[in-house]
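A.B. asks: Got a structure for you, written out below as structure tokens; questions coming shortly.
Please treat every number below as a calculation from the coordinates, not as lab data. Since this is a predicted model, take the numbers as computed values, not measurements. Quick reminder, even Gly has a Cβ in these numbers, built from the backbone with ideal geometry, and neighbours come from all protein chains shown.
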Amino acid sequence: MENNEIENKNQIELFNLIKKQYKRNVTFVDKVSDLLGICSTAVYRRVRGDKPISLEETVKLCKEYKISFDMLIEGKNINMFDCIYQPIDLTIPNKYQNYILTFSNYFEKLRTSGNLNILMSATDIPVFHLISHKELTFFKLYTWDHSVYNYEGSFDDFMEKFDSPEIINCYQKIDHNHELVPSTEIWTETTINSTLRLINYYFEIGMFLNKDLPVSLCKQVLEILDKLQKWAKNSSKSNSTTPFQLYVSEMELENTYCLMKQSETINCISKLFTINHLNILDKEFCKEAENWLTRLSQRSIPLSGGAEKERIKFFSSQRQKVQSLIEKIEADV
């Protein structure tokens, strides 16, 4: 018996991982019995390691309980993440509409459940700020569709296809809920750069039929900066009651992390590529992300409240970059 347990210890670990997915007062034996087509006694023999499971049984168990086989390999220290990933399908507007509706409802549910706080790093302009400007939001979607899925039309055509009351209503709901959630954001001197580079690139390759659009997008970036500076000055959002803190990091950030924390729950949204994201629910990962973001804010320059000199310096440099692009575009039109 002892030798069998040693020999089948990976098998025992597999069943331990499966048992963790059930509440303590719920037996999993009947579920495994139905899945493998064996009696309860046979299941117990496999759980104890008395009877080795076959390769086919291992595959069925791993698929059913979403367990990576790598987690069972001796010497590996792999932590399985609980996360949600929903690809953004832009081939059909209705699919994107369902996606943004799901996100809008999810964010509203988090906000209305109470005590929600957002802590985030920003390698790019956060979607919560883009969302109040539909053209700028559509532009981000367009660049993703063009570069990844080879969309060949102009930005004008793309925007016309997606500009629906249903989508705009979702944008407005997200924007409204965001203004009611206390937030701390960590930007860098380069946070807006990728957006400006995209505007310049698509202008240069002639993807704007309306020649006023690229300048209009730049002006929307300026509007975001104006709003952000006002929030930072007041240490609160537009309604003057929701706390807001802004920092600028002198170090380049590796990724955009958005930590949504409530009194008893926490989840972390990690940016993927241009607009996709992973919603990570793993407590250990989220706690580590929170510690990193907290330490990062402590090492960053505060721009909120009385930090007038640093705040003016930062936003002046950002506006200058946008203004330089506007002048370049207007000179080339």
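A.B. asks: Looking at the P(r) of the range 246-319, how many percent of alpha-carbon pairs lie beyond 14 Å?
C.D. replies: 68 percent
A.B. asks: Among 213-221, 177-185, how do they line up by average Cβ neighbours within 10 Å per residue, starting with the highest?
C.D. replies: Most protected by this proxy first, the peptides run 213-221, 177-185.
A.B. asks: Further question: Run lengths n ≥ 4 of DSSP H only: what is the helix-derived mean residue ellipticity at 222 nm for the chain, with -39500 (n - 2.57) per run over all residues, to the nearest 500?
C.D. replies: Calculated mean residue ellipticity at 222 nm is -17500 deg cm²/dmol.
A.B. asks: Can I ask one more? Relative to the longest principal axis of the C-alpha atoms of the chain, give the angle of the C-alpha long axis of helix 165-178, reported between 0 and 90° and rounded to the nearest 10°.
C.D. replies: Relative to the chain, helix 165-178 is tipped by roughly 80 degrees.
A.B. asks: Which semi-axes, in whole Å and largest first, does the equivalent ellipsoid of the chain have when worked out from the alpha carbon gyration tensor as the square roots of 5 times its eigenvalues?
C.D. replies: With the √(5λ) rule applied to the chain, the semi-axes are 47, 24, 18 Å.
A.B. asks: At a threshold of 8 angstrom on Cα-Cα distance, excluding pairs fewer than six apart, so keeping six or more, what relative contact order does the chain reach in percent?
C.D. replies: Relative contact order here is 19 percent.
A.B. asks: Could I ask something else about it? With axes computed from alpha carbons, what is the tilt in degrees of helix 193-204 against the longest principal axis of the chain, rounded to the nearest 10 within 0 to 90?
C.D. replies: 70 degrees
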